[in-house]
Amino acid sequence: MSLLQIENLVVEFQTASGPFRAVDGVSLKVDPGEVLAIVGESGSGKSVAMLAAMGLLPWTAKVTADRLEFDGRDMLAMSDRDRRRVVGKEIAMIFQEPIASLNPCFTVGFQIEEVLRIHTGLDRRARRIRALELFEQVGIPAAEERLGHYPHQMSGGQCQRVMIACALACNPKLLIADEPTTALDVTIQKQILDLLVELQAEHGMGLIMITHDMGVVAETADRVIVQYKGRKIEEADVLTLFENPKNAYTRALLSALPENAVGGRLPTISELLSDEQIFAGAPR
Amino acid sequence: MLRFLLGRLAVLVPTFLGVSLIAFSFIRLLPGDPVMLMSGERAMSPERHAQVMHDLGLDRPFYIQYFDYLGSILQGDLGTSIVTKRPVFDDFLSLFPATLELSLCAIILAICLGIPAGMLAAVKRGTWLDQSVMGVALVGYSMPIFWWGLLLIIFFSGYLGWTPVSGRISLMYFFPPVTGFMLIDSLLSGQEGAFRSALTYLILPTVVLATIPLAVIARQTRSAMLEVLGEDYVRTARAKGLSPFRVIGVHALRNAMIPVITTIGLQVGVLLAGAILTETIFSWPGIGKWMVDAVFKRDYAVVQGGLLLIAAIIMLVNLLVDLTYGLVNPRIRH
């Protein structure tokens with residue numbers, strides 16, 4: 001049985017100029033222990049689809065799907081209270097801007113222990129021990145002292161490690177990483193990716209990696225979904241995708257390398273391809 | 001921290017000098033003088049008038065009077081009231097608790113209603129609830145205090161007869177002041193019904209004085225909250241599976257409070273200014289009414305001394321607010 005199964009997910013936002021469809025009929029599934037990468041440019045609906053699955057979109061968003069199941073449970077039919085028991089515990093998510101994603105007014109220790117307090121029956125002492133253990137797992141040195149620090153006293157890379165520790169606190173079955181390395185330095189990016197892959201293998205959890213970086217895909221994913229303008233245009237396992245991309249957009253994305261630049265600038269995909277060419281042959 | 005504190009204290013010196021000069025000169029710009037007003041209907045001969053002015057030292061040149069005044073302030077002497085013949089500072093001390101009691105009740109009411117109202121409006125943004133709360137806040141903010149006070153008196157005291165019109169407690173009760181706070185003293189006195197009476201006398205003035213700060217705090221809370229609700233850490237809090245109550249009441253509120261605290265600090269000045277009108281309307285025996293009476297009687301020493309003391313309180317409160325900042329915002333503390 002798949003861990004997460006989504007069929008024909010549609011997300012619409014009401015705007016002043018009528019409804020805007022951010023996600024248009026996306027279907028996907030993730031198995032336990034699998035790493036799925038969702039690739040696409042900004043605004044292709046990658047994050048929105050995942051936020052919709054977790055029920056984290058604002059009320060202005062209209063979410064519909066033929067099927068939205070996590071671990072055999074229907075997430076759409078679930079009450080808010082039941083969904084909150086799953087979100088943060090069984091499905092965890094980390095975000096793009098690690099420093100902004102942590103609350104500046106609370107210590108990182110408080111923010112980790114808070115997850116444990118609401119989802120587990122651990123007492124204060126046990127929570128502290130678990131927090132220390134998590135800090136060691138994600139590679140934060142001097143954990144005892146670091147727990148008392150505020151986010152602004154830590155670097156971006158360390159904050160992302162804290163976010164990962166928060167996400168792993170309850171041993172989730174699925175981790176969604178929304179551009180986890182985009183805001184970080186190149187050397188730190190590598191460390192965080194390695195950490196994520198290592199923890200994924202160790203815990204055997206499903207991992208959805210949302211990214212626009214083909215390098216990240218190559219390094220981490222088992223399977224890849226390419227999204228464009230809210231629609232899935234290609235799905236393949238990682239080797240097939242890199243060796244034999246079927247969609248013109250995917251080919252263009254893969255060839256968008258600095259060495260192909262003309263006059264110091266890469267052509268944009270919309271200059272090379274029309275939407276019709278891209279959507280032709282896209283799976284539904 | 002010490003550096004910050006010393007810096008702030010150093011700024012107080014020129015501010016203080018400025019306030020003393022303004023207070024000293026403006027009251028003297030008013031036509032008439034205290035001696036003329038003291039004599040009242042019975043006109044005084046010009047010779048007698050000049051004699052009394054000389055005795056009070058009011059016939060000396062302006063700058064000499066001012067430097068003389070500054071000299072006595074430095075020695076801790078704020079002068080003596082021409083009317084009551086008591087030291088200004090003693091009068092202030094005996095009347096200030098009444099104002100403090102009223103102002104504290106008003107600011108507590110404003111905070112207790114304003115913050116939840118602003119939060120509610122922000123969370124329900126764009127709905128009829130948001131628009132009603134903000135509409136009422138705008139009306140409250142624009143309301144002339146004296147007119148609002150009179151309306152309330154006419155309705156609640158005159159028409160419904162629920163609340164008394166003026167004073168601090170019913171004349172039936174008498175007890176010596178211990179703390180100067182009528183609510184506390186009435187409890188300490190042990191007289192039956194005294195506390196209840198003090199409370200009914202306090203309600204209307206509190207509502208009137210709280211109106212503007214309440215509106216300002218509600219509006220500030222709403223805008224601060226709206227900004228914070230869009231932040232990444234609020235999304236993180238929701239992704240942790242926290243209840244909406246905890247996301248808004250703990251994660252968002254703590255951050256939204258930072259600008260709101262500044263606003264509350266600034267409202268202290270508004271409160272003391274409002275107290276002058278409110279106390280006059282409700283004959284509340286505090287420093288606001290004391291100052292207004294002093295202006296009418298050209299009681300120079302009281303006006304100067306009172307203004308200086310009020311300015312000192314406002315500056316002190318603002319300093320305290322800046323210090324509280326660090327408590328709420330760890331980015332300043334560390």
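The values are calculated or read from the model by the stated rules, or taken from the named source; none is laboratory data. Source: prediction; values computed, not measured. Note: ideal-geometry Cβ built from the backbone for every residue, glycine included; neighbour counts use all protein chains shown. Only protein heavy atoms, including side chains, enter the accessible area calculation; ligands, DNA and RNA are left aside. Shrake-Rupley method; radii C 1.70, N 1.55, O 1.52, S 1.80 Å.
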Candidate set: the range A:134-143, residues that are under 24 Å from the mean Cα position of the chain (by Cα) and either within 12 Å of chain B (Cβ to nearest Cβ) or of a type outside the set (Val, Ile, Thr) (or both); chosen: the one surrounded by the fewest Cβ atoms within 10 Å (Cβ to Cβ): A:Glu136
Tell me, yes or no, whether the range B:159-167 has at least one residue that is more than 19 Å from the chain's Cα centre (by Cα), more than 22 Å from B:Leu271 (Cα to Cα) and in a helix (DSSP H, G or I). yes
Is it fair to say B:Thr99 is at pLDDT below 90, under 28 Å from the mean Cα position of the chain (by Cα) and surrounded by 13 or more Cβ atoms within 10 Å (Cβ to Cβ)? no
With the condition kept exactly as written, say whether any residue in the range B:90-104 is touching a residue at least 24 places away in the same chain (Cβ under 8 Å), hydroxyl-bearing (Ser, Thr, Tyr), in contact with a helix residue (DSSP H, G or I) (Cβ under 9 Å, 6 or more places away or on another chain) and within 26 Å of B:Leu271 (Cα to Cα). yes
Filter result for A:Leu195 (under 30 Å from A:Glu69 (Cβ atoms), more than 10 Å from chain B (Cβ to nearest Cβ) and in a helix (DSSP H, G or I)): yes
Considering only residues of the range B:225-263 that are of a type in the set (Lys, Arg) and in a helix (DSSP H, G or I), which is farthest from the other protein chains (Cβ to nearest Cβ)? B:Arg246
When you check A:Thr220 against the structure, is it within 14 Å of another protein chain (Cβ to nearest Cβ), at pLDDT below 90 and either under 15 Å from the mean Cα position of the chain (by Cα) or buried (at least 20 other Cβ atoms within 10 Å of the Cβ) (or both), yes or no? no
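Residue-by-condition table, conditions (1) within 14 Å of chain A (Cβ to nearest Cβ); (2) more than 28 Å from A:His152 (Cβ to Cβ); (3) buried (at least 17 other Cβ atoms within 10 Å of the Cβ):
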{"position": "B:Asp293", "(1), (2), (3)": "no, yes, no"}
{"position": "B:Arg298", "(1), (2), (3)": "no, yes, yes"}
{"position": "B:Gly306", "(1), (2), (3)": "no, yes, yes"}
{"position": "B:Ala312", "(1), (2), (3)": "no, yes, no"}
{"position": "B:Leu316", "(1), (2), (3)": "no, yes, no"}
{"position": "B:Gly326", "(1), (2), (3)": "yes, no, no"}
{"position": "B:Asn329", "(1), (2), (3)": "yes, no, yes"}
Kindly check whether there is at least one residue in the range A:47-60 that is assigned to a strand (DSSP E or B) and not basic (Lys, Arg). no
Looking at B:Val228, B:Val260, B:Val247, which is the one that is over 29 Å from the mean Cα position of the chain (by Cα), under 30 Å from A:Cys159 (Cα atoms), open to solvent by less than 10 Å² (accessible area, probe 1.4 Å) and aliphatic (A, V, I, L, M)? B:Val247
If only one of B:Leu70, B:Leu120 is in the same structural domain as B:Met225 (by TED's automatic domain parsing) and surrounded by fewer than 22 Cβ atoms within 10 Å (Cβ to Cβ), which one is it? B:Leu120
Would you check which residues across the range A:66-114 are assigned to a loop (DSSP other than H, G, I, E, B), facing chain B (nearest Cβ under 10 Å) and of a type outside the set (Phe, Trp, Tyr) and list them? A:Gly88, A:Lys89, A:Glu90, A:Gln96, A:Glu97, A:Leu102, A:Asn103, A:Pro104, A:Cys105, A:Thr107
Looking only at residues in the range A:144-170 that are away from chain B (no Cβ under 12 Å) and over 19 Å from A:Gln96 (Cα atoms), which one is least open to solvent (accessible area, probe 1.4 Å)? A:Leu147
Just give me the residues in the range B:235-253 being under 20 Å from B:Ala117 (Cβ atoms) and among the β-branched types (Val, Ile, Thr), in sequence order. B:Val247, B:Ile248, B:Val250
